[in-house]
Amino acid sequence: FKGGDTCEYLLSSGRFLGEKVWQPHSCMMHKYKNSEAKNCLIDKRIVFIGDSRIRQLFYSFIKLINPQVKEEGNKHGNIPFEDKSASIKVDFLWYPEVNGSMRQRIKSWTEGSVAKPHIIVAGAATWSIKIHNGSNEGLTQYKINITSIAPLLEKLAKSSDVYWVLQDPVYEDMLSESRKMITNEKIDAYNEAAVRILNSSSRNSKAKVKLFSVSKLIAQETIMKSADGLHLPESSRDTNAMILMNVYCNKIMKPIDGSCCQPQPPLTLIQKLAFCFFTLSIIGYLIISLIHRNNFRKNKACTDLESGEEKKPAISAPNVSTLEMVLHSFCKLGLIMTYFYLCDRANLFMKENKFYTHSSFFIPIVYILVLGVFYTENTKETKVLNREQTDEWKGWMQLVILIYHISGASTFLPVYMHIRVLVAAYLFQTGYGHFSYFWIKGDFGVYRVCQVLFRLNFLVVVLCIVMDRPYQFYYFVPLVTVWFMVIYATLAIWPQIVQKKASGNCLWHLGLLLKLICLLACIYFLSYSQSAFEKVFSFWPLSKCFELNGNVYEWWFRWKLDRYVVFHGMLFAFIYLALQKHQMISEGKGDPLFSNRVSNGLLFISVLSFLIYSIWASSCKNKTECNELHPSVSVVQILAFILIRNIPGYVRSVYSSFFAWFGKISLELFICQYHIWLAADTKGILVLIPGYPMFNILVSTFIFVCVAHEISQITNDLAQIVVPKDNSTLLKRLLCIAGFFSGLLLFSVTQEQSRH
């Protein structure tokens with residue numbers, strides 16, 4: 001818990017996750033593409049000066065800029081590299097010893113007439129050990145020479161980034177006879193001298209020569225794979241080059257998944273206003289609580305001194321006012337949002353990269369499955385997709401999705417495709433649930449719409465303000481919000497067809513089917529016309545809700561991925577409710593839905609479809625190919641699950657209360673994971689307790705689930721106050737909400753202009 005400078009951690013400590021993935025201590029490393037590297041290093045000059053080990057690092061570095069570069073040219077000479085498209089110059093200067101020649105070259109950069117490199121990477125020692133045959137005289141001379149260049153490097157560090165690469169260990173058994181004198185003991189002595197001498201005259205200065213010591217740790221794990229015992233294998237050199245790129249470029253490019261060397265982002269005006277609001281809420285709640293407590297004490301029963309009898313208080317307990325409830329809710333929310341900010345915006349807690357292994361995904365899945373089965377109870381009703389069953393369905397799906405995210409399982413294509421079906425199943429339930437409500441109740445009032453929109457969006461709106469993220473960043477909430485409005489519009493637009501009206505005349509059923517066909521035609525058109533879709537959602541201020549990184553492509557991609565499944569949910573609800581109305585299915589306790597023959601046939605087809613889908617998902621070559629077919633085939637798996645879960649009467653009559661509990665807070669779990677369970681906006685993992693990964697997961701998970709549950713309660717409490725049933729009061733509240741969002745929009749526009 002040293003805090004502060006993650007650059008120091010990046011350059012000095014870390015560990016391997018698996019064989020090739022390097023994890024710096026406390027922060028996340030971004031994997032730079034060549035286009036990103038060019039954007040970062042545009043108009044820059046970088047110099048690598050040293051021996052053959054530095055030459056290897058030079059080649060790995062320039063391959064990040066241009067992967068086509070080949071390791072050619074004079075090995076014992078200078079090697080230039082230039083990328084004219086980005087005006088980047090990278091030079092390797094052959095100075096295998098720390099001596100007068102190296103000093104003279106470094107001194108030339110300190111003189112005003114010569115342009116200084118923006119980045120200098122230097123290091124050498126093995127040649128000194130070899131030439132002096134590992135003698136103490138060689139070490140003494142090395143100390144004298146490095147002492148003479150140290151002030152020059154420190155002077156350069158005031159205007160350039162200067163890195164001194166400490167010497168990697170060797171694999172002594174593989175060294176050739178001419179290199180046998182290069183021992184790890186000698187290397188340690190030379191490194192110790194460099195560490196002691198460099199920065200000795202500027203220990204309190206911010207401008208220092210940065211010691212690149214992490215390479216030693218990497219070499220300790222990988223030097224056995226070296227071809228000659230001296231030079232690192234290519235994968236290790238590439239890791240070192242990527243570390244260098246992160247050290248310099250993260251503060252410039254600010255990648256989401258590169259938390260190393262990134263300064264804490266400054267508070268925006270909107271964040272400052274939110275902080276003031278929550279602070280005032282906490283103060284207001286404390287004041288009201290103190291006033292109520294004092295009033296309650298005054299009204300307590302007191303002894304009548306004359307009669308010796310107790311007088312009863314005028315009131316038994318203080319009544320909780322609406323204002324107090326609002327302030328109490330925002331007081332709790334303010335504390336929770338502070339925790340969100342500290343976890344994922346302040347550099348207070350550590351963050352680490354994800355690393356996928358089959359065991360990290362499948363073992364927790366088995367564990368929660370056992371827990372879910374253990375907490376089995378009887379349902380209150382035995383209808384298809386009853387409330388307890390849908391809560392259970394949401395719960396186990398949410399837990400699987402959480403494990404999928406924290407284990408980094410998106411890199412394993414078969415798991416990715418099965419998780420896509422679970423996300424589609426959520427949207428299927430959106431179509432099924434809202435269609436069923438409007439069809440049965442016929443309630444198209446503003447109150448119902450506002451209640452649903454508030455419960456879906458409250459947390460996300462608060463997070464957009466506190467965490468300074470666009471609405472589309474939390475893509476699932478915009479998705480279910482838009483689909484809810486589509487369902488509402490489809491059924492509310494004239495003619496309004498509901499079950500009560502349709503039961504009197506079968507033609508109304510036909511009218512509803514025509515509405516659904518029109519909806520399907522619109523979905524089909526928009527999915528194959530990206531330009532039309534973008535025009536619909538690019539109008540200001542609507543574009544503010546759906547843009548991410550300056551365009552609506554991400555929104556189009558997310559919508560298109562599950563474009564038909566909500567329609568399928570609506571159609572399933574219509575067919576199921578029609579069958580139920582005409583008593584064509586049996587929903588009694590313990591009874592199968594259909595006759596035994598039909599039930600067995602449907603169960604066999606359902607199980608077979610699961611197996612076929614799993615085989616197909618495993619044989620997919622890439623995500624693009626799989627995603628093209630996903631919208632058409634996902635509904636088959638969803639229907640198969642519904643049939644397996646509901647056809648046998650004994651299965652339909654029980655549910656897992658464990659999964660159902662999580663299902664009731666599934667939306668909050670999905671959103672909260674972005675910042676207080678995962679980190680760096682889901683790209684990494686939050687580390688509250690470093691060095692103990694299992695204990696860390698247990699603690700962070702406990703806090704995460706408690707916070708999600710608390711936010712669910714806060715949302716429900718505020719929904720009753722903000723969205724009242726009285727229409728005139730509701731209209732006033734809606735005008736206030738419209739004013740709030742207008743102000744928020746104005747502030748965000750002002751904020752963007754100030755950034756540009």
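The values are calculated or read from the model by the stated rules, or taken from the named source; none is laboratory data. Please read these numbers as outputs of a predicted model, since none were measured by experiment. Methodologically, a virtual Cβ is constructed for each residue, glycine included, from the backbone with ideal geometry; neighbour enumeration extends over all protein chains shown. SASA here: full protein model, heavy atoms, side chains in, ligands and nucleic acids out. Shrake-Rupley method; radii C 1.70, N 1.55, O 1.52, S 1.80 Å.
See the values below:
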| item | result |
| --- | --- |
| Label-to-label distance, nm, for residues given as residue 689 and residue 747 (7 Å Cα→Cβ offset) | 3.7 |
| Note, ³J(HN,Hα) from phi for segment 400-416, Karplus 6.51, -1.76, 1.60, rounded to Hz, x at Gly and Pro | 5, 5, 4, 5, 4, 5, 6, 8, x, 6, 5, 6, 9, 4, x, 5, 4 |
| Residue 542 accessible area, assembled protein chains, probe 1.4 Å, Å² | 70 |
| Degrees separating the helix 596-619 axis from the principal Cα axis of the chain, which is the longest one | 20 |
| Gained length - residue 510 relative to residue 176, 0.36 nm times residue gap less alpha-carbon distance | 111.6 nm |
| Cα centroid separation - segment 74-93 against segment 206-235, whole Å | 22 |
| Sparse-neighbourhood loop sites, GluC sites (Glu not before Pro) in segment 2-45 - DSSP loop, at most 16 other Cβ within 10 angstrom | 19 |
| Nearest-0.05 FRET efficiency for residue 91 and residue 437, computed from C-beta distance (R0 60 Å) | 0.30 |
| Partners for residue 130 among aspartates and glutamates (Cα-Cα distance below 16 Å; same-chain residues under 8 apart left out) | 51, 97, 168, 172, 177, 185, 188, 228 |
| Selection from 80, 496, 95 lying farthest towards where the dipole of the chain points positive, charges on Cβ | 496 |
| Exposure ranking of 367, 426 by accessible area [1.4 Å probe, largest first] | 367, 426 |
| Top positive-direction residue, dipole computed over segment 6-253 with Cβ charges, set 239, 184, 112 | 112 |
| Student exercise, segment 6-253 dipole from Lys, Arg, Asp, Glu Cβ charges, in Debye to nearest 20 | 800 |
| Segment residue 482-residue 294, length gained on full extension (0.36 nm per residue, minus Cα span) | 62.8 nm |
| When each of 383/621; 272/732; 31/70; 44/621; 380/515; 75/251 is checked by Cα-Cα distance, pairs over 31 Å | 383/621; 44/621; 380/515; 75/251 |
| Calculated Cα Rg over 2.2 N^0.38 Å (choose from [x] 1.19; [y] 1.06; [z] 1.14), label | [x] |
| Net dipole in debye of segment 11-135 [+1 Lys, Arg Cβ; -1 Asp, Glu Cβ; about Cα centre; nearest 20] | 100 |
| Residue-normalised accessible area of the chain, expressed per residue, 1.4 Å probe, Å² | 49 |
| Residue-averaged 222 nm ellipticity for the chain, from DSSP H runs of 4+ at -39500 (n - 2.57), nearest 500 | -20000 deg cm²/dmol |
| Helix axis angle, 623-646 relative to the chain longest principal axis, alpha carbon, degrees | 40 |
| Ranked by how many other beta carbons lie within 10 Å on average, peptides 89-97, 498-506 from highest | 89-97, 498-506 |
| 3J(HN,Hα) from dihedral phi, segment 580-590, Karplus parametrisation 6.51/-1.76/1.60, rounded to Hz, x for glycine, proline | 5, 4, 8, 6, 8, 10, 9, 10, x, 5, x |
| Rounded tilt (10° steps) of 322-344 against the dominant C-alpha axis of the chain | 30 |
| Dipole of the chain, positive direction: furthest Cα of 426, 517, 692, with charges on the beta-carbon | 517 |
| Mean Cα-pair separation over length for the chain, i.e. relative contact order, pairs under 8 Å, 6 or more apart, % | 15 |
| Accessible carbon and sulfur surface of segment 353-723 relative to its total accessible area, %, 1.4 Å | 68 |
| Gain upon complete extension [residue 39, residue 359; 0.36 nm per residue less C-alpha separation] | 111.4 nm |
| Estimated dipole of the chain in Debye, rounded to 20 [Cβ of Lys and Arg +1, of Asp and Glu -1, Cα centre] | 1120 |
| Ordering of 346-358, 371-383 by packing [mean C-beta count within 10 Å, highest first] | 346-358, 371-383 |
| 181, 28, 253, reordered so the largest accessible area comes first (probe 1.4 Å) | 253, 181, 28 |
| Local electrostatic count, residue 484, Cβ distance below 12 Å [Lys/Arg +1, Asp/Glu -1] | +2 |
| Segment 353-723: relative contact order in percent, alpha carbon pairs under 8 Å with at least 6 residues between | 32 |
